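Here, each number is a calculation from the coordinates, and none is a lab measurement. None of the values given here were measured: they were computed from a predicted structure. Glycine gets a Cβ as well: all are built from the backbone with ideal geometry, and neighbour counts include every protein chain shown.
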Amino acid sequence: MPRFHYFPGDDLSTAELSAACLDGHLVAVGEGYIPADVPETSWMRARSLAPVLGSDLAATLRTAAWVHGVIDTPPVRLEVQRRSARRGKIIPSRRLSYRDVRIPSADLDMFGDVAVSSVARTIADLAREAPEDPAFTALVAEYPSALHAAVTWLDTHAHRPGIRAARALLRHAA
């Protein structure tokens, strides 16, 4: 079976993987590398985050928007949220922007064992927290069918900050 993801330290060092990129055999995607002739799909992007996310974290906000294919590069700081029921010990990292609020499985899309907030949840979260961000605009343009589900999510979570403004914004966008 062909291998689609290579991560530094698994079989090859970072230097060897970088050399394979220079030779045109691999391209960097997220936290790893994929063969140059493999399309960079949402599944490939999500799986490239597996070493960082593991089974306890989910990609959210701009990181999820990148996985869903509406922005070209992942954010410098990956935005992640706890998906496990119990709190774990997260080692602080410059690479992660971590939220210790559990994201329910109903709000996740699974790419193998990698969790990413669904398009509707990502739209709702970005509408609440970063409506001026290009990722929000791109998600709404690419997935207009998810707007209704995003508004429904906001309606059922009225106790969260920024809900009123986000609801108005999404209703206007629909």
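Annotations for the structure displayed:
- Dipole of the stretch 23-68 computed with +1 at Lys/Arg Cβ and -1 at Asp/Glu Cβ about the Cα centre; of Pro51, Gly24, Ile34, farthest Cα towards the positive end is Pro51.
- Near Ile163, once Lys and Arg are set to +1 and Asp and Glu to -1 for all other residues with Cβ below 13 Å from its Cβ, the sum equals +2.
- Report summary: the helix-based calculation at 222 nm, which adds -39500 (n - 2.57) for every DSSP H run with n ≥ 4 and divides by the residues of the chain, gives -11000 deg cm²/dmol.
- Magnitude of the charge dipole, the stretch 1-151, Cβ model with Lys/Arg +1 and Asp/Glu -1, debye to 20: 740 debye
- Considering the chain at the alpha-carbon level, its Rg and Dmax are found to be 17.0, 53 Å.
- Helix 119-129 axis versus longest C-alpha principal axis of the chain: approximately 70°, rounded to the nearest ten.
- Positive minus negative residues near Ala130 (Lys, Arg vs Asp, Glu; Cβ under 15 Å): +1
- Cα long-axis angle, helix 163-173 against the chain (0 to 90 degrees, to the nearest 10): 80 degrees
- Environment charge at Ala115 (Cβ cut-off 12 Å; Lys +1, Arg +1, Asp -1, Glu -1): +1
- With each label modelled as a point 7 angstrom along the Cα→C-beta vector, the Ser84-Cys21 pair spans 3.0 nm.
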